[in-house]
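Read through the structure below, which is laid out as structure tokens, and then see the notes.
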């Protein structure tokens, strides 16, 4: 009955929009140029360039890396609830969750990128943790592949396969826009976005945007609310450019559906809207964050820059996690936890870029430094009793009693981890043949320092301080106009682990474990190595890209022959990425691509699982987004999207495998006029067939066993934006 009401309500809303819109246009005498301009501003697009870390903003054809930027219109048109819903458009990325939390994990080239390691305007540690409200950003940029030289080592220890960078909104053009929206089942939203350029030469810009969303989403009884406010003041005049960006985000998810733990059998998928969480589960986050940046041109050939950022965040999280005991009946056990957390992070970078030319060779020299400080304060209260429920017929259980298994101070959290990552870098890009051949070489010296503190009394309990050098080599050849061939060799960098004190060589009961020779020692930072070749082709109307990559990431274990802990193992991911986007004919726009990934475990501990597929890495990913402006009804745009994810291993021994799945989304967009003011009406349906499927088996915390993430149910979305 609820689903029926959702369908009828959403259908009535879109019918009202579509029937009213032509009347508005006819009554006001439709001005075709205004409609065309509004349609153009609403076009969902992806570009092949963007912010490439220390190299600054570059066009796609000039960089030896695979980068895509998804524009602000895509976010406005699709009404995404989280950053993961934006990245659903990318044919090289899939979204999972961290263990027991709502933290989105993005799987790029078969390796995880945690939400902690998503960049904000080029800086780490500034983006809100776990969940990010997309309304604050003008662009979401994806760089495929390791990026330890480009951006520095990610402080959370992920990002081996790629990185994501969020660009805050700025006053690129004058606009006043108001938006009202609806998402099934009962989720309503409103937003205001104002941008103005002012001053004698429009040197000043101010953009303020705010949004509020509140209500139940399509998963049964799951409640989301979001309140965000962002502002950017920028100055651009002569040699000086500066920008101050400030943001506030408050998110609240109640009864949120997390992952499902399983045993030796993959259970059938519950109905798409089934909620096996608990009404008392909640994640409430509050974040203040922002950046200040300045650039100054010393001359036409030299520029200095600096950027600083900070974030103060607070989380209050109560989880309800389940593990299926019987895959046939769905009988499961559940447990809860309460984890308060505070983060206080600062980040800074500064450098110089110099362009020189002589003897037919150009140089672009980059040099600078970066530093990131993070303090994590948290505590925990774990449920030791648990409760009984069912995957297919969930049972509402009482909230766990407090103070069962406590670590830290729940009322006044104190530091558990302090982390500092610092680096210096230098690079030079040589240009030959009028810059049709570009050769880049660079080095970044990085130091990772962490301090750990006891949950009992806050006393120092351990530390880590190691350094490493991450080089980069890149080659770009542009033989003809519109064609760019490239290659790169670049590394990823994450902190090494600490050696365990003992090692059980046979796993038999009653046999004492052996002492590890280097027990307690900290391993040096783990370096992954990436080799990539590819090409980019610009046909004028649309772009095509091809990338072939290989990434080798070391894994750590005890060598049974020497009883020494070290980085002996390897996960090797090899793949091909093909992307195609643009407007092949007037009014028809596409964003599409396919990824093939062969992720294997190599040199494993004791040879166990040697050659097996890595867990949670689909063999094939494919996406296709299409927008069509109807030539016989130019104010109307039809939209569609298909998302395909191939089979993926669900455990290390490869006895469990998730089936492939395909999801279809459909929608429409219409531009009418109210007087001389454009009104854009949107209606979308995600997962039109209400397909139920296990979306991902990826989990960075594999020690907790196989955990599955279910895909979302059919969701109706409608919005109306008026722009002055």
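The values are calculated or read from the model by the stated rules, or taken from the named source; none is laboratory data. The shown structure was predicted, so the numbers you read here are calculated from the model rather than taken from an experiment. When we count neighbours, we look across all protein chains shown, and the Cβ atoms used for this are built from the backbone with ideal geometry, even at glycine.
Just one residue in the set 409, 434 is more than 30 Å from residue 325 (Cα to Cα), exposed (fewer than 14 other Cβ atoms within 10 Å of the Cβ) and free of Cβ contacts under 8 Å to residues at least 40 places away in the same chain; that residue is 434. Within region 686-698, the residues that satisfy the criterion of being surrounded by fewer than 23 Cβ atoms within 10 Å (Cβ to Cβ) and not in a strand (DSSP E or B) are 687, 688, 689, 690, 691, 692, 693. Screening residue 79 against (1) closer than 23 Å to residue 144 by Cβ; (2) touching a strand residue (DSSP E or B) at 6+ places or on another chain (Cβ under 7 Å); (3) crowded, with 19+ Cβ neighbours inside 10 Å; (4) modelled with pLDDT of 90 or more leaves a single unmet condition, (1).
Selection within region 94-128: residues that are out of contact with any strand residue (DSSP E or B) (no Cβ under 6 Å at 6 or more places or on another chain) and more than 22 Å from residue 528 (Cα to Cα). The member of this set that is surrounded by the most Cβ atoms within 10 Å (Cβ to Cβ) is 101. Select from region 40-55 the residues that are over 17 Å from residue 146 (Cα atoms) and touching a residue at least 24 places away in the same chain (Cβ under 8 Å) and write down the one among them that is farthest from the chain's Cα centre (by Cα). So the residue we want is 41.
Being at pLDDT below 95, farther than 28 Å from residue 321 by Cα and either out of contact with any helix residue (DSSP H, G or I) (no Cβ under 8 Å at 6 or more places or on another chain) or buried (at least 19 other Cβ atoms within 10 Å of the Cβ) (or both) narrows it down to one residue among 633, 701; which is it?
On the way: 701 fails: farther than 28 Å from residue 321 by Cα.
So the residue among 633, 701 that is at pLDDT below 95, farther than 28 Å from residue 321 by Cα and either out of contact with any helix residue (DSSP H, G or I) (no Cβ under 8 Å at 6 or more places or on another chain) or buried (at least 19 other Cβ atoms within 10 Å of the Cβ) (or both) is 633.
Output the residues belonging to region 413-431 that are more than 19 Å from residue 490 (Cα to Cα), over 27 Å from the mean Cα position of the chain (by Cα) and buried (at least 17 other Cβ atoms within 10 Å of the Cβ). Within region 413-431, 413, 431 meet the criteria. Does at least one position in region 475-495 carry a residue that is part of a loop (DSSP other than H, G, I, E, B), over 20 Å from residue 68 (Cα atoms), in contact (Cβ under 8 Å) with a residue 40 or more places away in the chain and touching a strand residue (DSSP E or B) at 6+ places or on another chain (Cβ under 6 Å)? The answer is yes; a qualifying residue exists.
Which residues, taken from region 526-567, are touching a helix residue (DSSP H, G or I) at 6+ places or on another chain (Cβ under 9 Å) and more than 30 Å from residue 481 (Cβ to Cβ)?
Looking only at region 526-567, we keep the residues that are touching a helix residue (DSSP H, G or I) at 6+ places or on another chain (Cβ under 9 Å), and these are 527-528, 536, 538, 543, 545, 555, 557-560.
Those that are touching a helix residue (DSSP H, G or I) at 6+ places or on another chain (Cβ under 9 Å) and more than 30 Å from residue 481 (Cβ to Cβ): 527, 528, 555, 557, 558, 559, 560.
Of everything listed in (1) surrounded by fewer than 17 Cβ atoms within 10 Å (Cβ to Cβ); (2) within 25 Å of residue 256 (Cα to Cα), the single unmet condition for residue 674 is (2). For region 212-232: of the residues being within 21 Å of the chain's Cα centre (by Cα) and surrounded by fewer than 19 Cβ atoms within 10 Å (Cβ to Cβ), which is nearest to residue 715 (Cα to Cα)? Filtering first and then ranking leaves 225. Restrict the check to region 242-256 and report whether at least one residue is within 30 Å of residue 705 (Cβ to Cβ) and either part of a loop (DSSP other than H, G, I, E, B) or touching a helix residue (DSSP H, G or I) at 6+ places or on another chain (Cβ under 6 Å) (or both). Taking every residue of region 242-256 in turn, at least one turns out to be within 30 Å of residue 705 (Cβ to Cβ) and either part of a loop (DSSP other than H, G, I, E, B) or touching a helix residue (DSSP H, G or I) at 6+ places or on another chain (Cβ under 6 Å) (or both). Taken over region 199-216, the residue count meeting the criterion of being in a strand (DSSP E or B) and farther than 22 Å from residue 178 by Cα is 2. Only one of the numbered conditions (1) within 21 Å of residue 295 (Cβ to Cβ); (2) in contact with a strand residue (DSSP E or B) (Cβ under 7 Å, 6 or more places away or on another chain); (3) surrounded by 16 or more Cβ atoms within 10 Å (Cβ to Cβ) is not met by residue 235, and that is (3).
Which of the residues spanning region 55-70 are surrounded by 23 or more Cβ atoms within 10 Å (Cβ to Cβ) and farther than 17 Å from residue 137 by Cα?
Residues of region 55-70 surrounded by 23 or more Cβ atoms within 10 Å (Cβ to Cβ): 63-68, 70.
Within region 55-70, 63, 64, 65, 66, 67 meet the criteria.
With the requirement that a residue be in contact (Cβ under 8 Å) with a residue 40 or more places away in the chain and closer than 12 Å to residue 310 by Cα, what does region 334-348 give you?
Of all residues in region 334-348, those in contact (Cβ under 8 Å) with a residue 40 or more places away in the chain come to 334-343, 345-348.
If the condition is that a residue be in contact (Cβ under 8 Å) with a residue 40 or more places away in the chain and closer than 12 Å to residue 310 by Cα, then 343, 345, 346, 347, 348 are the ones that fit.
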